[in-house]
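Structure first, then comments.
Read the figures in this text as sums done on the coordinates, not as results from a lab. Just so we're clear, the structure is a prediction, and the values are computed from it rather than from any experiment. Here the Cβ positions follow ideal geometry from the backbone for every residue, glycine too, while neighbour counts run over all protein chains shown.
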Ligand code: V0D
């Protein structure tokens with residue numbers, strides 16, 4: 001005799017037009033992995049993968065706007081990425097300016113606000129200036145918050161929070177007794193943001209790699225084998241639908 005598992009039958013993907021805008025994750029975070037492997041597969045240099053990945057960022061921004069996500073946090077450069085060859089780092093550091101030159105007008109039209117998390121001051125001046133300009137130009141927009149994790153590391157974030165807390169305690173701006181999860185979260189780069197509801201990682205790796213260590217405590221994780229430059233609106237919707245399915249199952253318990 002077989003046990004009935006009715007929910008398994010429903011697992012077939014619904015067509016796009018049947019997709020409901022209820023229970024959309026408010027905050028989606030993405031580890032955009034597989035740009036190098038995408039390039040290698042095509043016999044191209046790694047930087048060609050990064051450039052193709054840059055256009056996929058805008059594809060994803062459009063999808064996030066369309067499906068009314070509130071916050072999209074993208075891991076663009078980790079504190080560990082400085083160890084890569086200098087020429088690759090130099091190339092990566094030019095991508096924000098290139099991206100914004102190409103897409104800032106569309107971000108404005110779509111009411112998108114640009115922000116960053118990470119150690120902003122340690123970035124090259126030319127990168128900082130391009131990004132700062134976009135932050136200022138978009139600061140009144142109240143649609144999607146496009147949050148670039150730029151020179152970001154989760155442990156680094158926690159350490160810089162600790163240092164600031166110690167300073168504030170020493171200067172009697174904060175009492176050690178009042179420190180709790182809520183107070184601590186206010187010292188993180190993500191101050192004021194809700195935690196990610198959904199983390200997406202592309203390219204088959206299933207790790208968080210020092211991304212949003214504190215904030216991902218209760219997030220749903222969704223992985224795909226797809227290399228980041230091949231990621232599409234359809235893949236994004238698949239992740240959203242999977243998220244909705246998980247929420248519906250919990251709701252039934
Ligand atoms: C390369 C895949 C957009 C990941 C996406 C500095 C690796 C493409 C930006 C960007 C990168 C950052 C800030 C901003 C506007 C755009 C970006 C970097 C890498 C590293 F305000 N794509 N992108 N930044 N890649």
Whole-number percent relative contact order across the chain, with pairs defined as alpha carbons under 8 Å at least 6 apart
27
Cα-Cα pairs in the chain separated by more than 28 Å, as a whole percent of all pairs, come to 38
Quick one: order 77, 231 by neighbouring beta-carbon count within 10 Å, fewest to most.
77, 231
State the percent of C-alpha pairs, over all pairs in region 80-220, separated by a distance greater than 27 angstrom.
32
State, as an integer percentage, the relative contact order of region 47-186 based on alpha-carbon contacts under 8 Å between residues 6 or more apart.
31
Nearest 500 deg cm²/dmol is fine: what mean residue ellipticity at 222 nm does the chain get from its DSSP H runs of n ≥ 4 alone, each adding -39,500 (n - 2.57), divided by its residue count?
-14500 deg cm²/dmol
Starting from the Cα-Cα distance between residue 89 and residue 207, subtract it from 0.36 nm times their residue separation and give me the gain in nm to one decimal.
40.2 nm
Just how far, in whole angstrom, is region 195-215 from region 41-116 if you go by their alpha carbon centroids?
17
Contour minus end-to-end for residue 216 and residue 98, with contour as 0.36 nm per residue of separation and end-to-end as the Cα-Cα distance?
39.5 nm
Percent relative contact order of region 147-234, based on C-alpha pairs within less than 8 angstrom and at least six residues apart?
30
Taking the chain as a Gaussian network, where each spring joins two C-alpha atoms under 10 Å apart, which residue of 192, 204, 154 fluctuates the most?
192
